[in-house]
Structures are given as C-alpha cells and as structure tokens.
Amino acid sequence: MQQEAKTLKPGVVTGEDYLTLVKTCKEQGYALPAINVTSTNTVNAALEGAMNSKSDIIIQLSNGGAQFFAGKGIKDSHAAKVIGAVSAARHVHTVAKEYGICVVLHTDHANKGLIPWVEGMIEASEAEYEATGKPLFSSHMLDLSEEPIEENLADCERILTRLAKIDMSLEIELGVTGGEEDGVGSDVDLVDNNRLYTQPSEVLQAFDQLSSIGHFSVAAAFGNVHGVYKPGNVQLRPEILQQSQAHVRNIHDTDEKPLDFVFHGGSGSSPEEISEAVSYGVFKMNVDTDTQFAFSKAMAPYMEEHPKAFRYQIDPEEGTPFKKFYDPRAWLRACETSMAERVQQACTELGSAGKSIAASD
Ligand SMILES: [Zn+2]
C-alpha cells in the first residue's frame, strides 16, 4: 500500500506538527520563506502570497516589528515589544486557517539585551499552553553570536529548556551574519573576516549541548549579509553548511542532514545560491528587505495616478470627491498585492510553491 503523504490542519503549526513540516521540507528539498511582518497589512499580504503559491509559510517579527505592531505611541517600549508580538500572534492564529496553508510563527534576532523580550513572550506562551495545550509561537530566535560561544550556548540551553516544556523550538545563531537587522547586528568588516563564516566545530558543539534538550535550528553564517548591498563585498560559501552536516554526521552517526539550517540575509541572493543552500539542509530563508521594498514600491505609481487625492478631499477644480482614492484601503491594497507577489516569487525560488502539506478540507 502506498504511503499517504502526511498532511496537517491548516493554520498555525507548533510542536510535533512544526517538526513534521521541517522534516518534510528537508526530505523533499525545499525551504519555507520566513517573512518579516510589522502590521496586519504585511501579515495578510504574506499569507495571501503563500496561499496563491499553495505554499506553507513562516511569519516572523523582529523586536522593532513587534513594537510597531503594538503601536509606536506606547511609551514603554519593552512592554510594546512583548504585547505587539502577542497581538500579532493572536491575529495570525485567528486568520491563518482561512488561507488553507500551514503557518509557522517565529520571532527574529534577539541579542543579549533582548533576552527579557524573549522571556516576556515565553511567559505569554506558557499561559497559553496552560489554557489550551499549545504555545502562541512555534519558535523564537536568540542571536548571541557576538558573545563567546560558551556563553552563547549556555543561554541557549537555559532558554531551550524552558521552551521545550511548552513544545516550542529555538533558532540559534553561530558566526556572524553581516549587516544589521533592526538594530541587532554587527559592524564586522565585511571583507576578509572569518567571523562571517561559521566553523563546523561550533555547530558540533551546539549539537552536543542542545540536541538532547529540545528542537533547535541553526542560523549559520556562510558569508550572508542582511539587507541588499552592491555585489562583491563578501563571498557566499554555502559549502560550510554541507561541511557542518558532515562533521556532525561523522561524529554521531546520524541521518544525512542532522541539522536544520536557516538562511539569513536572503534578500538579493541568486536562485542558484538559494538552491545550493537548500540542498545542504536549509529549511527556512528569511526575507525582509525585498518584501519591504515590494510593499512600498506600489505607492509610487498609485500616487502618480492620483496625485490630487493625497492633497484634497474634493477636486478643487471639478468638485469631485476623492474619497475612494485616499481611503487607506485603496492604496494599502496596492501595497499588499505587490508584497504578496514578491512572497510568491520567494516560494518559487525556495521550491515551496505547490508543496503545502495542509489538508484541503
Ligand atoms: Zn537575520
């Protein structure tokens, strides 16, 4: 009898379901786009793009994105970062199943100073777990790559121990991804700096220390850089991922690809670079810069088409009302549609298009 392909209920996936999704990505050789969001508009655009591509998706928030979601007017920025993340998660939980796909809820870089932010979100997930048996998020991220590796892994171990109890995963960072993401990042010289390349021995150290505690994924540095810069600054060396898989496999006699890798700084990468990284066990690629641009670029043609609607409520010469053009739904919809198209492009490049494992009924 033929084995039925594993399917999951549409909506947010956590715990075992999240692991099933990660495993399916790696077995079938594709990765999921992890789209940074800052508002219901960007959440909905990401979900719409994934739905159009019949792809599952990862929705994630940076600390600044979470704060923006709650509202920049809130004075206590720490509180806003926690509340905004919770608010975004609740929005995604409420709407995701209507899109008919599986949705992973994640957060982005948290350095040492942002550990209290992560702990605030964990508290919210612990309360949710107690009430419903499920956490709010599928996974958080700690980026302690600026700390010595022993310190990095000690904090990861402490946080993962807490996450594992509520069926959550942790993404860690080893080696430094160049550039900056929302105030978290490093100014390391982009040229000729070996900190931009994770060492397979560090990956083994993380595997040894964390794999018995719970599920974790690794953002490994292989010359990738946040943001889009002119080409030629650094050399992408995805073979570092392959070497890390081999190193852990040889020591521990594991499956072919024991590690679940994350590709940061994916914006601006060529399709060849993306597919090579995916073939070495990348299941998640972060996309932020390119989807930000896609959202915003739709404004220019809209405003060129309706310039007066952004200055007058009624046409000063002809007296016609401009309401239907300045209604924020009109121009925000143009932005959403443009971002959704960019998400569809990411699904195609990552090979996730048409591969959603959400059950169709
Ligand atoms: Zn990143």
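So, in segment 7-62, exactly how many residues are touching a Ser or Thr at 6+ places or on another chain (Cβ under 9 Å) and of a type in the set (Lys, Arg)?
Adding up the residues that qualify gives 1.
Among what's in segment 133-155 and is in a loop (DSSP other than H, G, I, E, B) and among the aliphatic types (A, V, I, L, M), pick the residue that is farthest from the ligand (Cβ to nearest atom).
Going residue by residue through segment 133-155, those that are in a loop (DSSP other than H, G, I, E, B) are 133-138, 143-148.
Among the residues that remain, those that are also among the aliphatic types (A, V, I, L, M) are: 136, 144.
Working: Leu136: 21, Leu144: 13 Å.
Once the filter is applied, the top-ranked residue is Leu136.
Being surrounded by 21 or more Cβ atoms within 10 Å (Cβ to Cβ) and assigned to a loop (DSSP other than H, G, I, E, B) is the filter; apply it to segment 177-203 and report the residue that is modelled with the lowest pLDDT.
Here the answer is Thr177.
Which pairs do you get when a residue that is at negative phi, found in segment 256-278, comes within reach of a residue that is more than 16 Å from the ligand (Cβ to nearest atom) and β-branched (Val, Ile, Thr), reach meaning Cβ atoms under 7 angstrom, with the pair 6+ apart or on two chains?
Pro258/Val248; Leu259/Val203; Leu259/Val248; Asp260/Val22
Which of the residues belonging to segment 287-321 are modelled with pLDDT of 95 or more and closer than 30 Å to Phe222 by Cβ?
Listed by number, the residues that qualify are Thr291, Gln292, Phe293, Ala294, Phe295, Ser296, Lys297.
When the residues of segment 314-340 are narrowed to those that are surrounded by fewer than 18 Cβ atoms within 10 Å (Cβ to Cβ) and acidic (Asp, Glu), which ends up nearest to Ile274 (Cα to Cα)?
So the residue we want is Asp327.
Take Glu171 and decide whether it is within 14 Å of the ligand (Cβ to nearest atom), at pLDDT 95 or above and within 18 Å of Leu204 (Cα to Cα). Outline the logic, then answer.
Values: within 14 Å of the ligand (Cβ to nearest atom): yes; at pLDDT 95 or above: yes; within 18 Å of Leu204 (Cα to Cα): yes.
Criteria met by Glu171.
Out of segment 99-132, which residues are within 23 Å of Ala358 (Cβ to Cβ), surrounded by fewer than 19 Cβ atoms within 10 Å (Cβ to Cβ) and in contact (Cβ under 8 Å) with a residue 40 or more places away in the chain?
Across segment 99-132, the qualifying residue is only Gly100.
The values are calculated or read from the model by the stated rules, or taken from the named source; none is laboratory data. Everything numeric here is computed off the predicted structure, so don't read it as measured data. All Cβ positions, glycine included, derive from the backbone under ideal geometry; neighbour counts span all protein chains shown.
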